[in-house]
Amino acid sequence: MLRSGLLLGHFWEFGAEEGDEVAGTPRIMTTASWPQVEENTDMATASKRQKTPEMPFVCLTDFQAQARERLSKTTWDYIEGGAGEGFTKEDNIAAFKKIRLRPRYLKDVSEVDTRTIIQGEKISAPICISPTGFHCLAWPDGEMSTARAAQAADICYITSTYASCTLEDIVATAPRGLRWFQLYVQRDRQLNKQLIQRVESLGFKALVITVDVPITGNRRHDIRNQVDLKTNLLLKDLRSPKEIDALTEVVAAVKGKIEVYLDGGIRTGNDVLKSLALGAKCVFLGRPILWGLACKGERGVEEVLNILKNEFHTSMTLTGCRSVAEINRDLIQFSRL
Ligand SMILES: Cc1cc2nc3c(=O)[nH]c(=O)nc-3n(C[C@H](O)[C@H](O)[C@H](O)COP(=O)(O)O)c2cc1C
């Protein structure tokens, strides 16, 4: 049975026009039909990779810096760009900096366990992968690399409606991975039904329905680069303008009846801990996964996940939390939320 929960995304600012249509397949657009990405051919990317010496990556922003070097400008702008002046994107990251954690010492933290359960499924840490489209822009076999890395890390990967690999290929390459499917609801109800039945038969365990795309955001980089995503997006949006810092309100409103997840701006283990302390059950990563993919493919995604998991482990240790269940609001020392 497909399950559903609530994923609080701070930021995603594309949109769709009412009446947009889909051609009967969840692979809405392949890299072949992606405009303005010719310069990011495998060869161009490979040649950049050869020129760049191997270096240790110690935090997620190291991957960001290297990804910028390796990707074409158009692809970089697509991954990194926000809408308008980009305030929301910046605020997502700044919001975590406003919160301080309360350290706790003299506790036995010789064993710290980061494992948790979402929607009844065990995962190695509350750090999973958000839906993002067109992974083949970052690495030749795109979502297949991402899926293998997620399976190896024993976490959940939400595959986007705009995956550039087929769903069948993604499942075949990582058959044991925990996978959810992100759905842009189509106007054609029959199409929704077919798609949902297809992902269910492929072993996707939950639907993640994106509802925050009322109109196409004014993505200045994509406009300058003449990337027209609007023609490829299908959703008539349902949600009112975004709120960033919404986590605490949402957690209070749902009163523990459903699990709440968060994505947007997670860059460190402290960010993960803060999110859980404020009531999220799990966090998800968008851009950092694409940075990892762009730098080292499957291995890069694994490294991104491992770095964050290790940082989260350290954060738990320093706040005296031996298990995820021990993380609670008392850890928040100072907040200007
Ligand atoms: C390049 C890119 C592509 C994305 N594609 C999708 C998508 O296909 N479906 C979706 O629901 N969200 C999509 N998102 C939103 C992400 O799921 C996530 O909410 C966002 O990246 C915020 O997390 P981050 O700060 O870790 O990047 C995309 C975001 C980016 C940057």
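From the residues in the range 53-76 that are in contact (Cβ under 8 Å) with a residue 60 or more places away in the chain and charged (D, E, K, R), which one is surrounded by the fewest Cβ atoms within 10 Å (Cβ to Cβ)? Per the stated criteria, the residue is Lys73.
The combined condition, being under 21 Å from Ser160 (Cα atoms) and either away from the ligand (no atom under 16 Å from the Cβ) or modelled with pLDDT of 95 or more (or both), is not fulfilled by Leu273. Taken over the range 182-198, the criterion of being without any contact (Cβ under 8 Å) to a residue 40 or more places away in the chain and within 16 Å of the ligand (Cβ to nearest atom) is satisfied by Leu183, Asn192.
Hey, can you tell me all the residues within the range 179-214 that are modelled with pLDDT under 90 and more than 21 Å from the chain's Cα centre (by Cα)? Within the range 179-214, Gln186, Arg187 meet the criteria. Has the range 133-152 got at least one residue that is aromatic (Phe, Trp, Tyr) and more than 23 Å from Leu195 (Cα to Cα)? Yes, the range 133-152 has at least one match.
Taking (1) open to solvent by 10 Å² or more (accessible area, probe 1.4 Å); (2) β-branched (Val, Ile, Thr); (3) under 15 Å from the mean Cα position of the chain (by Cα) in turn, Thr314 satisfies each apart from (3).
Under the condition of being open to solvent by 20 Å² or more (accessible area, probe 1.4 Å) and of a type in the set (Val, Ile, Thr), the residues counted in the range 104-135 number 4. Restricted to the range 176-213, and to residues there that are in contact with a Leu (Cβ under 9 Å, 6 or more places away or on another chain) and of a type in the set (Ser, Thr, Tyr), the residue that is farthest from Asp154 (Cα to Cα) is Tyr184.
So, in the range 157-167, exactly how many residues are away from the ligand (no atom under 13 Å from the Cβ) and over 15 Å from Leu293 (Cα atoms)? Counting residues in the range 157-167 that are away from the ligand (no atom under 13 Å from the Cβ) and over 15 Å from Leu293 (Cα atoms) gives 2.
Given the criteria open to solvent by less than 30 Å² (accessible area, probe 1.4 Å), under 16 Å from the mean Cα position of the chain (by Cα) and of a type in the set (A, V, I, L, M), does Ala174 qualify? The answer is no for Ala174.
The values are calculated or read from the model by the stated rules, or taken from the named source; none is laboratory data. Predicted model only: the values in this text are computed from it and were never measured. For neighbour counting, all protein chains shown are included, and Cβ atoms are generated from backbone atoms with ideal geometry for every residue, glycine included. Please note that ligands, DNA and RNA were not included when accessible areas were found on the heavy atoms of the full protein model with its side chains. Shrake-Rupley method; radii C 1.70, N 1.55, O 1.52, S 1.80 Å.
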